[in-house]
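Asks: What follows is a single structure, and I will ask about it in a moment.
The values are calculated or read from the model by the stated rules, or taken from the named source; none is laboratory data. Quick caveat, the model's predicted, so the values are computed rather than measured. Backbone-built Cβ (ideal geometry, glycine too); neighbour counts: all protein chains shown.
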Amino acid sequence: MSIIVQKFGGSSVASTEKLFKVCEHIAEEYNKGNQVAVVVSAQGKTTDKLVSEEKEITLEPNKREHDILLSAGEQITSAKLAMCLEKLGYKAISYMGWQVPIVTDNMHGEAMIKSINTRKIADKLNKGNIVIVAGFQGIDEEGDITTLGRGGSDTTAASLAAALKAEKCEIFTDVDGVYTADPNSDPKAKKLETITYDEMLKLANTGAKVLHNRSVEIAKESNVPMVVKSTFDKNKTGTIIN
């Protein structure tokens with residue numbers, strides 16, 4: 001039995017229909033006999049919507065309150081996905097970052113993860129649950145909710161995979177892997193079957209939006225393979241980063 005961490009981004013969880021599609025990927029690993037921990041982003045453009053609504057109030061929000069507001073999106077996704085899995089007959093439970101807890105520093109909006117207490121998650125996995133963790137968020141030592149910056153759910157997933165000593169960390173998205181260039185703008189872009197952590201970091205640091213660069217750094221430090229693959233095309237193999 002292996003532990004698999006799967007992360008689903010905003011476009012992958014944008015609707016109820018898509019949440020049930022996500023359940024197929026989770027169930028596939030679970031039915032193999034693996035333990036599955038899932039990290040989710042807010043649905044679709046929820047975070048952008050929250051930022052827009054915040055701007056209707058103030059252009060200089062209190063950073064603590066800003067993080068409390070933005071963390072709400074992942075909470076909604078986590079609960080909905082747990083409900084979808086239960087509807088399909090699976091045991092599932094969701095946790096917010098502060099419930100795990102995922103402990104960060106106090107740099108609101110750009111917090112860094114300091115530690116993850118895996119006791120609660122491991123206990124639920126051992127009891128046959130699929131565990132869903134809200135990405136992008138944690139709690140500082142003062143008990144305040146923090147967020148990790150845009151793309152932070154990737155970092156949550158890599159950090160959780162490292163803490164759980166997972167076999168791999170799968171990043172599901174609306175593209176089917178890592179390309180040499182943006183396939184939407186460059187018809188000559190080629191999908192890579194494999195790529196090293198360092199090569200992926202170079203791509204991330206030069207503007208490639210496939211993965212948050214901090215997540216790749218964490219995966220490299222802990223030697224956890226990452227796989228970038230499509231949520232919507234199960235026939236595509238994706239790209240392995242190791």
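Asks: Of the residues that sit in region 201-223 and are under 20 Å from the mean Cα position of the chain (by Cα) and among the basic types (K, R), which one is surrounded by the fewest Cβ atoms within 10 Å (Cβ to Cβ)?
Replies: Restricting to residues being under 20 Å from the mean Cα position of the chain (by Cα) and among the basic types (K, R), the top hit is K209.
Asks: Hey, another quick one. Looking at region 40-61, can you tell me whether even one residue there is in contact (Cβ under 8 Å) with a residue 60 or more places away in the chain, under 19 Å from H212 (Cα atoms), among the β-branched types (V, I, T) and in contact with a strand residue (DSSP E or B) (Cβ under 8 Å, 6 or more places away or on another chain)?
Replies: yes
Asks: Might you check whether a residue that is touching a residue at least 60 places away in the same chain (Cβ under 8 Å) and crowded, with 22+ Cβ neighbours inside 10 Å occurs anywhere in region 191-200?
Replies: no
Asks: Does A189 satisfy the criteria of being modelled with pLDDT under 90, part of a loop (DSSP other than H, G, I, E, B) and over 22 Å from T77 (Cβ atoms)?
Replies: For A189, the condition - modelled with pLDDT under 90, part of a loop (DSSP other than H, G, I, E, B) and over 22 Å from T77 (Cβ atoms) - is met.
Asks: Moving to a separate point now. Looking only at region 148-181, count how many residues are closer than 21 Å to S11 by Cβ and over 13 Å from the mean Cα position of the chain (by Cα).
Replies: Residues in region 148-181 being closer than 21 Å to S11 by Cβ and over 13 Å from the mean Cα position of the chain (by Cα): 7 in total.
Asks: Output the residue which, of all residues in region 43-66 that are within 18 Å of the chain's Cα centre (by Cα) and outside any loop (DSSP other than H, G, I, E, B), is farthest from F8 (Cα to Cα).
Replies: Selected residue: D48.
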